[in-house]
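Read the structure below first, then the notes.
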Amino acid sequence: MAAENVAHDDLAVIRIEGMHCHRCEQSIQKALTAKPGVREVEVDFASGQASVLFDKDRTSVEQLMETINDAGYRATDFNLNTRALK
């Protein structure tokens, strides 16, 4: 498998309401992982947030939040860490 170019990757930490258990974590992780451009996803039920590493040329934070909402949860806010790799 070829190494992926991560120069256009950003890290978003998205706050999520409506998670009640670890199955909720799995459901959100599965939905986000299926999204084109998403490289890594970690969902934490206890903190109520998801950390998503994604290719900003292929998807956006708004699209990620919409994916969470479509999965039956409520994405309420986010912090974005834009990576500036040269």
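The values are calculated or read from the model by the stated rules, or taken from the named source; none is laboratory data. Everything numeric in this text was worked out from a predicted model, so none of it was measured. Virtual Cβ from ideal backbone geometry, glycine too; neighbours counted across all protein chains shown.
Side notes on the structure shown:
- For segment 33-79, the set of residues classified as among the charged types (D, E, K, R) and closer than 9 Å to Ile14 by Cα consists of Asp77 only.
- Residues within segment 9-28 that are within 17 Å of Val38 (Cα to Cα) and without any contact (Cβ under 8 Å) to a residue 60 or more places away in the chain, tallied: 4
- None of Met19, Met1 is surrounded by 20 or more Cβ atoms within 10 Å (Cβ to Cβ), among the hydrophobic types (A, V, I, L, M, F, W, C) and either at pLDDT below 95 or part of a loop (DSSP other than H, G, I, E, B) (or both) except Met19.
- Scope segment 38-86; condition surrounded by fewer than 17 Cβ atoms within 10 Å (Cβ to Cβ) and either touching a Phe, Trp or Tyr at 6+ places or on another chain (Cβ under 8 Å) or among the basic types (Lys, Arg) (or both); matching residues: Arg39, Lys56, Arg58, Arg74, Arg83, Lys86
- Members of segment 23-82 found to be among the hydrophobic types (A, V, I, L, M, F, W, C), part of a strand (DSSP E or B) and modelled with pLDDT of 95 or more, listed by number: Val38, Val41, Val43, Ala50, Val52, Leu53, Phe54, Ala75, Phe78
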